[in-house]
Amino acid sequence: MEKRILSFWQIWNMSFGFLGIQMGFALQNANASRILQIFGADVHELSWFWIIAPLMGLIVQPIIGHYSDKTWSKFGRRKPYFLVGAILASIGLVLMPQADIFIAFLPALWVGAGMLMIMDASFNVAMEPFRALVGDNLRTDQRTLGFSVQTALIGFGAVIGSWLPYALANWFGVSNETIQGTVPFNLVLSFIIGAIILIVSILVTVTTTKEYSPDELASFEDEQAHSEVIKKEGEEEKSSLLDIFEDFKKMPETMRQLSWVQFFSWFGLFGMWVFATPAIAQHTFGLSHADSSSSSYQDAGDWVGILFGVYNLVSAFYAFALPHIAKKIGRKKTHSISLIIGGLGLLSIYVMPDKNWLILSMIGIGIAWASILAMPYAILAGSISPKKMGVYMGIFNFFIVIPQIINALIGGPLVKYAYGNEAIFALVMSGVSFLIAASLVFKVKDVDDVIQS
């Protein structure tokens, strides 16, 4: 017995919820910093609020992955998790920019930070089962298409979320002025629209996608073999769960080398996400932190959303080109060149003469972003035993989360004490981090390349 072949539109509907999830992520990434500034956060405090995001990813995704593997109800296996996650994330989206309505009970800044935490945790609850759903529902010969469609929807959702505040203010005349510490209405409306689209897109997936029951999955020959492997690994882990420290020591050489590439890549990304709005507002628009409630500052924030949409759009298209480029010049060289282009893009923000030139900077960043999401995993896969895939993929995620936590802790003090409250230098540091990561790629041993040669 084999899994059924799904049509393109069945695969599209199966991943359609990712469009809403990524739209919510994009709204958060592009606008959370300025919302927190409106509520009273200083620029050097922003990274401390953003520490919530990597912590939630570190805690939530492994737990949800574990329990969704063991869940089956009349609503399905994965669907209950991303439906609940979408509902909670939508609540966070609606309430974060309107945190001032709770000012009688708590300071708006505290409520806003709390909503940011709820959003991050809920996005992770909704997102993790989507990856597993592709593996559950698609035959081996359709999984590449499944993940390609998912990548495209991620890109489109990010573009819509990033551009929406600017579009509402400049194309539809919705006010982007802030009055007495309130978030501008174009931003409030954007988050409400994002919440609605998130719920609708998840419902499209829930209502149009059929999941296989545990009995059906067990009947597939390849799934049965996979289940036996998982069963054996689970029996081993009962007595060796604490041996994860031993796994660290026995980490494959390729993974150890890639860990440093990941560290500097994600250290740079986090700095860009946190400080892009204040950096561009100050350096390109000529504004100060004291102007964070002004209409001009909101214009700058809306433009950052446009820029973030550009790099996500570039990454969506470049992702499809990566396999062809890597086939010609190798994965290591592809990733290193992509990181160099992204690093130069970040550094160029410092010298660009006006806001329109920043689009060119974002093209470079988009190239690096696509490669960061794909190439390290392609290189890593060949160096890991299938029996240790789950353990080492979990460990590898640490090298994404840890640099973000470190940046969250030191990024703010660096801006305040080392950069003189000039956030642009945080972006310069991100560019330097990308270049360091690019140089470290050449120290990585790509096992598949060695075998093929």
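Structure notes:
- Which of Phe16, Phe270, Phe156 has the fewest Cβ neighbours within 10 Å, and the rest in rising order: Phe156, Phe16, Phe270
- Other residues with beta-carbon under 14 Å from the beta-carbon of Leu36 carry, at +1 per Lys or Arg and -1 per Asp or Glu, a net charge of -3.
- Pair Phe102, Ser296: separation of 7 Å Cα→Cβ label points (nm): 3.4
- Pairwise FRET efficiency - Arg139 versus Glu422, Cβ, R0 = 60 Å, nearest 0.05: 0.65
- Net length available on complete extension from Ser288 to Phe172 is 39.0 nm, with 0.36 nm assigned per residue and the Cα-Cα distance removed.
- Pairs from Lys327/Lys445; Lys79/Lys327; Lys3/Lys332 whose Cα-Cα separation, in the structure shown, is over 25 Å: Lys79/Lys327; Lys3/Lys332
- Contact order, relative form, for segment 1-219: 41 percent (alpha carbon pairs under 8 Å, 6 or more residues apart, mean separation divided by residue count).
- Using a Förster distance of 30 Å, the FRET efficiency for Trp72-Ser7 (Cβ separation, nearest 0.05): 0.75
- Within the shell defined by Cβ-Cβ distances under 14 Å, the residues around Asn421 carry a net charge of -3, with Lys and Arg each +1 and Asp and Glu each -1.
Bear in mind that the values in this text are calculations on the coordinates, not laboratory data. All figures in this text were calculated on a predicted structure; none of them were measured in a lab. Using ideal geometry, Cβ is built from the backbone for each residue, glycine included, and neighbour counts are taken over all protein chains shown.
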